[in-house]
Amino acid sequence: MPSPLLRPILLATLVAGTLDILSAFVFAGIAGIGPIPLLRYVASGPFGEGVTATPGWAAVGLIVHFAIMFCMAATWFLIAPRLPALIRHPIAAGLAYGFWLWIVMYWIVKPLRWPEAPLPSTLYGISNALFSHCILVGLPIALIAARHFRDTRLERA
């Protein structure tokens, strides 16, 4: 029997993951980078620089993206019930979670994995990354979790 949290975690993963990857496609497209190279770059995170130019690696990149998003959503769903303010104030909490995710991804993960890659330093670069992480990732995850935990409490009452 699957966990009662699996379905809302998968929903949060699907919503936030789809919004985030579409945002990445748009911002990469503005920079002249297509979806396939972007997804191969994502795949190169865990699989190294040896990923080939084949579309199969783009599919792996998409899987990697959604696996990361699943971890982000699952983390929130495990923490939120222990801190009721996160459920009572999902907008502020979701925006804060997105900011925290941005710090982790851009200031810890990326420099460890790609030390030669420049960190975001322009207002445009920082703001589009913050928009994606706060509005398109943190906020939907928090709102879906708040709805799930409120509905669960109502069912028990």
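The values are calculated or read from the model by the stated rules, or taken from the named source; none is laboratory data. The structure presented is a predicted model; accordingly, all values stated were derived computationally and were not measured. For neighbour counting, all protein chains shown are included, and Cβ atoms are generated from backbone atoms with ideal geometry for every residue, glycine included.
Here are the numbers for the structure shown:
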{"item": "Evaluation of Arg40 against (1) exposed (fewer than 14 other Cβ atoms within 10 Å of the Cβ); (2) charged (D, E, K, R); (3) in contact (Cβ under 8 Å) with a residue 12 or more places away in the chain (one fails), failing number", "result": "(1)"}
{"item": "Residue that is within 25 Å of Phe25 (Cβ to Cβ), in contact with a Pro (Cβ under 7 Å, 6 or more places away or on another chain), assigned to a helix (DSSP H, G or I) and at pLDDT 95 or above, where the choices are Val64, Val60, Val104", "result": "Val64"}
{"item": "Matching entry among Ile36, Ile21 (being part of a helix (DSSP H, G or I), farther than 25 Å from Ile144 by Cα and of a type in the set (A, V, I, L, M))", "result": "Ile36"}
{"item": "Counted residues, the stretch 132-157 - those being among the basic types (Lys, Arg) and modelled with pLDDT of 95 or more", "result": "1"}
{"item": "Residues (small (Gly, Ala, Ser) and surrounded by fewer than 13 Cβ atoms within 10 Å (Cβ to Cβ)) located in the stretch 82-126", "result": "Ala85, Ala117, Ser121"}
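Residues checked against (1) among the aliphatic types (A, V, I, L, M); (2) in contact (Cβ under 8 Å) with a residue 60 or more places away in the chain; (3) touching a Lys or Arg at 6+ places or on another chain (Cβ under 6 Å):
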position	(1), (2), (3)
Met72	yes, yes, no
Ile79	yes, no, no
Trp102	no, no, no
Lys110	no, no, no
Phe131	no, yes, no
